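Here is the structure we will look at, set down as structure tokens.
The values are calculated or read from the model by the stated rules, or taken from the named source; none is laboratory data. This is a predicted model, so every value here is computed, not measured. All Cβ positions, even for glycine, are placed from backbone atoms using ideal geometry, and neighbour counts span all protein chains on display.
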Amino acid sequence: MQFLFNTDAGKSPLKLKGEDYKYLFKVRRHDINDILYFRSKSQSESLYQYKVDSLDGRSAILELISSEIKELKSEIDLHIAWCVIDPKSVEKVLPSLNEIGVTKISFIYCERSQKNFKTDIQRYERVLETSSQQCGRSRQMIFETFKTLDAFLQQNPETIVLDFCDEVLGCENEVKTVLIGCEGGFSIEEKAKLENFKRFRLDTPMILRSESAAMAIASKILI
């Protein structure tokens, strides 16, 4: 764990109880005089260093030692536009996409997206909270949803589309926003709407699942 998110990070003294106390002192076995790091979600660029001052079995008192502005984020901003798939599949790769440094994910209900799939943004944010604490990322990933592909494209005309075509995505390509389809791909009507957008494919003979494509693109562009 690189740091822990806490609403009161920056205050001194800092009192920990409940789940934070259990995790740090029951699970990770920290003790008096240990040095711990915290961030607040509202000011996540600030990193606070604390020293454990006292423990009473149910709570802990920490004293602030220092604070500094220390952002940890990818040098490249990548926006993934992701046609809605099974949320369980998304959850499996979200921590990895977070570690790699994806800036933003837009979930889009395309024609072949199963409408019974609900995008639970709050659950995704909880998944990323744990991931960020482990990998050290300070800037939080942004989520948004669109009811239709048209609505997304109107706001993001610079989008590049992952599709079956001749052009292969190379490391030299500048990609800021990439659109990935759901299982079954784009409908005939959607393909017509995407005709004037730049397209590329990944250099593999395999057919990738939507989440595998997201991982492959993020890795190629950001790492």
Selection from segment 100-130 of residues that are among the hydrophobic types (A, V, I, L, M, F, W, C), more than 21 Å from Ser187 (Cα to Cα) and surrounded by 15 or more Cβ atoms within 10 Å (Cβ to Cβ): Ile100, Val102, Ile105, Val127, Leu128
One residue from Ile160, Ile100 being in contact with a helix residue (DSSP H, G or I) (Cβ under 7 Å, 6 or more places away or on another chain), within 21 Å of Ala213 (Cβ to Cβ) and touching a residue at least 40 places away in the same chain (Cβ under 8 Å): Ile100
Residue within segment 86-99 that is under 30 Å from Lys191 (Cα atoms) and not in a helix (DSSP H, G or I) present: yes
Qualifying residue in segment 142-161 (condition: among the small types (Gly, Ala, Ser) and assigned to a loop (DSSP other than H, G, I, E, B)): no
Candidate set from segment 36-78 (those that are in a loop (DSSP other than H, G, I, E, B) and of a type in the set (Ser, Thr, Tyr)); member that is farthest from Ser132 (Cα to Cα): Ser42
Phe164 over 12 Å from the mean Cα position of the chain (by Cα) and modelled with pLDDT of 95 or more: no
Failed item in (1) part of a helix (DSSP H, G or I); (2) among the polar types (S, T, N, Q); (3) more than 11 Å from the chain's Cα centre (by Cα), with Gln114 passing the rest: (1)
Matching entry among Ser138, Ser59 (being small (Gly, Ala, Ser) and crowded, with 16+ Cβ neighbours inside 10 Å): Ser138
Residue pairs meeting the criteria (Cβ under 8 Å; at least 6 apart or on separate chains; first at pLDDT 90 or above, in segment 204-223; second basic (Lys, Arg)): Glu211/Lys92
Matching residues, segment 207-220, being closer than 18 Å to Glu167 by Cβ and in contact with a Ser or Thr (Cβ under 9 Å, 6 or more places away or on another chain): Ala216
Single residue of segment 62-77 satisfying the filter (hydrophobic (A, V, I, L, M, F, W, C) and modelled with pLDDT of 95 or more) that is surrounded by the fewest Cβ atoms within 10 Å (Cβ to Cβ): Ile69
Answer from Ser74, Ser59, Ser54, Ser44 - the residue that is within 19 Å of Ala218 (Cβ to Cβ), outside the structural domain of Glu174 (by TED's automatic domain parsing), of a type outside the set (Lys, Arg) and touching a residue at least 12 places away in the same chain (Cβ under 8 Å): Ser74
